[in-house]
């Protein structure tokens, strides 16, 4: 049966103490080479890769499939070499020369709000990006996902950040969660975690069903979960 949104897989790499980055928030490396291969395969199997505003603006990710063989497989299937890159950002003040916009080839889609001036939208569109207003203060996540489904995207992967992940979980807009847990400790009360934002009560907690566990040679583990309880949310908010 057709659904109003794509299948949403959240993938994240975190330390053993649950941190997605150090307190510096500059995209500290967590994944090992083995895990990068896993992530690359997930990207290659996705129609789009999504990041929230903080990840987009602070880390400026490329979000490309690295393996030439995986890109070739996509091409043989009649797909673009890379999945579409999607940024969800309340104020889209990224530069036209950013890696997100410039690295490719890949379709680039931005969902933003009326807080982004029209002149900035035009600058971004001149790079070939598709920019959509999807809210006044914060991006309506459910509406953005419905729009992606309307574009023909059936499977998308979310790669951060913690606030976007938390909102997708809180609003019941995600289907699976894959976690690489590295043998590292970052610490820091202000360091980003897997699910940031305001948090939920015990009764509101998102419930998971374990699908599998993989042990990597680097000492890390990968845990795959199905999201089996999807709480109701009143607002559709985003990462920035």
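Since every read-out is calculated from the coordinates, none of them should be taken as a lab result. None of these values were measured; they are calculated from a predicted model. Neighbour counts run over all protein chains shown; Cβ positions are idealised from the backbone, glycine included.
Summary value for the chain: 30 percent relative contact order, contacts being C-alpha pairs under 8 angstrom separated by 6+ residues.
Pairs of Cα atoms nearer than 8 Å and 6+ residues apart set the relative contact order; for the range 7-62 it is 28 percent. Note on residue 77 and residue 34: their simple-model spin labels are 2.5 nm apart, each label 7 Å out from Cα toward Cβ.
Can you give the extra length, in nm with one decimal, that the chain gains between residue 136 and residue 45 once fully stretched, where that is 0.36 nm per residue apart less the Cα-Cα distance?
29.5 nm
Highest average first, the peptides 18-26, 46-54 ordered by how many other beta carbon atoms sit within 10 Å of their residues are 46-54, 18-26. Stretching residue 204 away from residue 103 to a fully extended chain increases their span by 32.4 nm, per 0.36 nm per residue minus the current alpha-carbon distance.
As a length-normalised measure over Cα pairs under 8 Å and 6 or more apart, the relative contact order of the range 1-109 settles at 24 percent. A simple spin-label model places the labels of residue 24 and residue 154 4.3 nm from each other, with each point 7 Å out along Cα-to-Cβ. Please list, by residue number, everything in the range 150-175 whose backbone N is under 19 Å from a paramagnetic label point 7 Å out along Cα→Cβ of residue 127. Label zone hits: 159-161. Mean residue ellipticity, 222 nm, helices only, the chain: the sum of -39500 (n - 2.57) across DSSP H runs of n ≥ 4, divided by residue count and rounded to 500, is -6500 deg cm²/dmol. Projecting the alpha carbon convex hull of the chain along each direction and taking the average yields 13.2 nm².
Of interest is the spacing of the C-alpha centroids, which for the range 20-63 and the range 155-182 amounts to 12 Å. Taken along the Cα-to-beta-carbon direction at a fixed 7 Å, the label points for residue 197 and residue 223 span 2.1 nm. Computing FRET efficiency as 1/(1 + (r/R0)^6) for residue 119 and residue 185, where r is the C-beta to C-beta distance and R0 is 45 Å, gives about 0.50. Binning the alpha carbon pair distances of the range 40-153 at 10 angstrom intervals from zero yields the distribution 15, 46, 31, 8, 0, expressed in whole percent.
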